[in-house]
Every structure is written in structure tokens, then in C-alpha cells.
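In what follows, a structure is listed as C-alpha cells, so that the remarks can point back to it.
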Amino acid sequence: MIENPQAIWHLDNSYAHLSDCFYTKTAPTPVTKPKLKRLNHELAKRLGLDVGSLAHPDGIEILAGNRLPHNSIPIAQAYAGHQYKTFRDLGDGRAILLGEQLTPDGKRFDIHLKGAGMTPYSKKVYKNGDGRAALGPMLREYILSAAMEALGIPTSHSLAVVATGETMIRKGEELPGAILVRVASSHIRFGTLQYAAKWCGEAKLREIVDYTIARHFPEVAAAERPYLAFFGKVIERQASLIANWQLIGFIHGVQNTDNVMISGETLDYGPCAFMDTYKPLTWFSSIDRHGRYAYVNQPSIGRWNIERLKESLMPLFAEDEATQERLADEAVATFDVQYEQYWLQGMRKKLGMYNEEAEDRELIDALLMMMERQEADYTNTFLDLTFGEQVSGLSKDKHFESWYTCWQQRLSRQQASTSDIKQLMKASNPAVVPRNHQVEQALEAAVAYDDFTVMEELMDVWQEPFAHTDKQRAYRHVPKQDTPYITYCGT
């Protein structure tokens, strides 16, 4: 028996009860023929939602934005952002927050409709914005956010993709429309606080920061300087997140401050991709003309973004400007140290190191330099080392044999068995990541032919990336591409 689709929702609207400086009440624009394409059953259960009710025609009407769930106060959020260094007044140009689902275990998650129609911010974000989204990019976000979660990297989540029955024009091409139901611990961005500081005044800035502390960092409220402690927590999460991206070979592609979450979750899967060949200057985004957001630059961009957030928060740190600046700069300086610690700790695990030695960084850098020289596959190189197989990408390098000997000697100096070392490496090096050609094959089959079997098979393979099954081995091969891989924002 199907539950009442309204009854399964347990929405609160804490964000909509803040000052209206931070949002505009906006209802989704109805669509003509909503059809459920994907539904994340496991996520639905964690949210306390009944899968059958969501898949019911009345439930799909809610997921499509044609009907509002019980107790919803739909809003479009206001925020700003540095987009490729340029500061802009932005906001939800094609997304609407329905409310915050309260889960059975007492947690709170935003329910966000991406592609839900025009909002008061649409023209600020997109010059000719229609408030809609295409099926391909929404399926892409569904796939990649699930894969990132499986890899253990903090991320927003995708509950559902609903085709709208409508078409839209993108770059002169007619595409099927869709709505993504996105879930996140919140959608408070660096740009949200930048917006408050620039246009809402200090009292409202304190209001949104106090709200963010209560929602994400309640432990800092009792600190001597709670706003500075809050800033420190945000820095720590960014250092950890970006280190995780680097360790897995993930390139976000659009690290603007409006895409950086205060919670430390990965947001926006438009121009992102995973690196195959290890080239630090790799980037894929069609709109990144000069590689600002290339793989090698992600840590430094992370710090640059934190510098911009610092400028907005400084008035909250102390009464006099000199103390504000000193405290802020001291906090920002911790990013590089923390990032290095997280990254080095992760690299040690990838190479089976349980303890720390002073020369570890030199050993790791030597490996990465060989990988770059030989254009070795990033993921497969660490898998070859994990399983003691011929490291095909590096065997031709004249320094590899001596490096391998040094690495084995390094491992022999720690109190860990060969079996323990292998288990650590298996747990730190995924058997599979979403390869770019595989993602494109899945999207083409789904969008062009309404065939989701390719996507289902790949997502099944990616579901447990550290399982190292025989089936996963078949997905390690990466075909050579004649042309560079390019990703698009989908806007």
C-alpha cells in the first residue's frame, strides 16, 4: 500500500525564517509531463522517505515541483561569488529550496530542486537564463555525486532525476529537460557569507553566521572567539576536502566561491572529471580558458577562496582592525599546514606506510615525477603497486628500479606485516573511479536512447570502489583519446 506522498515529508524551514535578505520566496514553475528517471533508494531511506510513495505519480509531482510537500516554504537563496576572480551578485538562478527534511536519526538535510524554473536571481546568474536544466547534466550529477560518496569524499547527494517532458535550447541544440532533487546538509556557501557582508550589513552577517554555527559547528559557540573558531573549522574542512580530491585524482573544474560549501561538501558536478593520465596541469572545463582550476591549482585556489571569506568575516573577529587582521591572517596560514598534513597522510596510506619518516615526502614526490614523465595512469599506477604487479606506466623510467627498492626498504622499517600493508593500500586505492569515457557512454545511452542499463551497470561497479573484485578489473582499461576530453557546465 502506497503511503500518502505528503505524509512522508517532515520538512522544517529554519533558513526561510531568517531575514529575507538571504532569500526570496519563490515557487517552482510547473512542468508538463514529469517522468521519474532515477531514484536513489538508499538515500530516500536515510531521509526517512518511502520509496513507493516517491515513485507514485503524486510523489513524482512533488519531485518535479508541480506540487509542494507538506509544510514547504519554497525559496531561492541569495548569495554572491568570485567567479574566475570577478566578484558578482548571484543567487539561485535555477534552483529552489523546498525546505529541510528532518530524518529519523535527528539530522537535517536541504531538499533542493535544480532546474525548477526561473527565480528573481536568474538574470543575475545566466544572461539568457530560463531556469531549467537538461537531462544529461542532471544525470551526470546523479552519477558522480553517488560515486564520490562511495569513495568516502564529503559531497552533496542526488535523490532523484525527473524528466520534465519539455525541451530547451543549449548552444543551438534542442535538449530534453530535467530536474535534479539535490540533498545537502545545507546550501550555505562561501558566497552566502560574502553576500551578507557586502549587501546585508554587519548585524545580518552575524545572524547568518550564528545560524551556520548552530547548524554545522555548534561546538564552537562556547569558544572565547566563536567567529574565529568557526572560521578555523571551515578552513580545516576545506583542507581535508581538497586533499581528498587530490588523492583520488578528482578535478572539480569550477572552484568559484559560490560553489564552495561552508560544510566542506563537494558541490556542483558540471565541469568536473577524474584524471586518467597523471598530468598536474590537467583541466577539462570548456569555460576555464587558462587552467585556473587545473588539478595542480586546486589547493592554492582553496586558500585563495579562504582569503576571500576572511575579508567578509574579519569584522566579527575583534573590535579593532589591527587585531582583526592579525587573527584572520594567522587562521588563513593554517590552511597550507593542514592541507599538507591531510595530503601526506593520505599518500602514505596509498603507499602502505603506517608510520611517518622525514624522507616520505621526497619518496612520494619522486614517484609523482616519474608518473608525470611517463604519462602514467594515476589510478592504475597505485593499483599496480598495491598488488605487486608490473607497473606498466613506470617500468621504462630509468629511476623506477631504484625508487622501488627505496620504497620497499621504507616499508620494511615499520612494524607492519606484508598482509597489513596490502590491506592498507587496498583500502586507500580504489579499484575503479568514474572514467570519463564510461560516464559519457552512460549518458549517451540514457539521453539518446532512454537506455539506463549502461548507467546501472557502471554505478553497480562504482558502488564499492575498494572491493577490488574480478569484475572491477575489467573496468581499469582506459582507451586512448584522439582529442582532449572537455566538460561543460550544462547551463
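For the reader, a short list of remarks on this structure follows.
- Stretch in the chain that is longest and holds no trypsin sites (Lys or Arg not before Pro) that DSSP places in a loop and that have at most 15 other beta carbons within 10 Å: 172-288
- The chain - charge dipole about Cα centre, Lys and Arg +1 at Cβ, Asp and Glu -1, debye rounded to 20: 740
- Cα-centre dipole for the range 190-314 with unit charges at Cβ (Lys and Arg positive, Asp and Glu negative), debye to 20: 220
- In the range 200-234, the GluC sites (Glu not before Pro) that fall in loop regions by DSSP, at most 14 other Cβ within 10 Å: Glu224
- Angle between the chain longest axis and helix 360-373 axis [Cα atoms, degrees, rounded to 10]: 80
- Over the range 406-483, relative contact order from alpha-carbon pairs under 8 Å, at least 6 apart, %: 35
- Protein heavy-atom accessible surface, 1.4 Å probe, per residue over the chain: 42 Å².
- Helix-only CD estimate at 222 nm, as mean residue ellipticity for the chain, using -39500 (n - 2.57) per DSSP H run (n ≥ 4): -13000 deg cm²/dmol
- Checking every one of the chymotrypsin sites (Phe, Trp or Tyr not before Pro) in the range 6-71 against DSSP loop status and a limit of 15 other Cβ atoms within 10 Å picks out no site at all.
- Surface share of carbon and sulfur [accessible, 1.4 angstrom probe, percent] for the range 175-328: 49
- Computed magnitude of the charge dipole of the range 5-93 (debye, nearest 20; Cβ of K, R +1, Cβ of D, E -1): 360
- Accessible heavy-atom area order of Asp336, Asp89, Asp360, highest first, probe of 1.4 Å: Asp336, Asp89, Asp360
- Cysteines, the chain, no other Cys beta-carbon under 4.7 Å: Cys272, Cys406, Cys489
- Angle between the chain longest axis and helix 418-428 axis [Cα atoms, degrees, rounded to 10]: 30
- For Arg38, nonlocal amide neighbours, meaning residues 5 or more places apart or on other chains whose placed amide H falls under 5 Å from its own, are Val161.
- Relative contact order (%) - the chain, alpha-carbon pairs under 8 angstrom, separation at least six: 14
- Summed residue charge, Cβ within 13 Å of Gln246's Cβ, Lys/Arg positive, Asp/Glu negative: 0
- For the chain, DSSP calls about 95 percent of its internal beta bridges antiparallel.
- For the range 312-409, the set of GluC sites (Glu not before Pro) satisfying both a DSSP loop assignment and a count of at most 12 other C-beta atoms within 10 Å is given as Glu319, Glu356, Glu359, Glu375, Glu389.
- For the chain, the longest principal axis of the C-alpha atoms and the axis of helix 321-350 are separated by about 50°.
The values are calculated or read from the model by the stated rules, or taken from the named source; none is laboratory data. On a predicted model such as this, the values are computed, not experimentally measured, just so you know. A quick note on method: Cβ atoms are made from the backbone with ideal geometry, for glycine too, and the neighbour counts reach across all protein chains shown. What goes into the accessible areas is simple: the full protein's heavy atoms, side chains included, and nothing from ligands, DNA or RNA. Shrake-Rupley method; radii C 1.70, N 1.55, O 1.52, S 1.80 Å.
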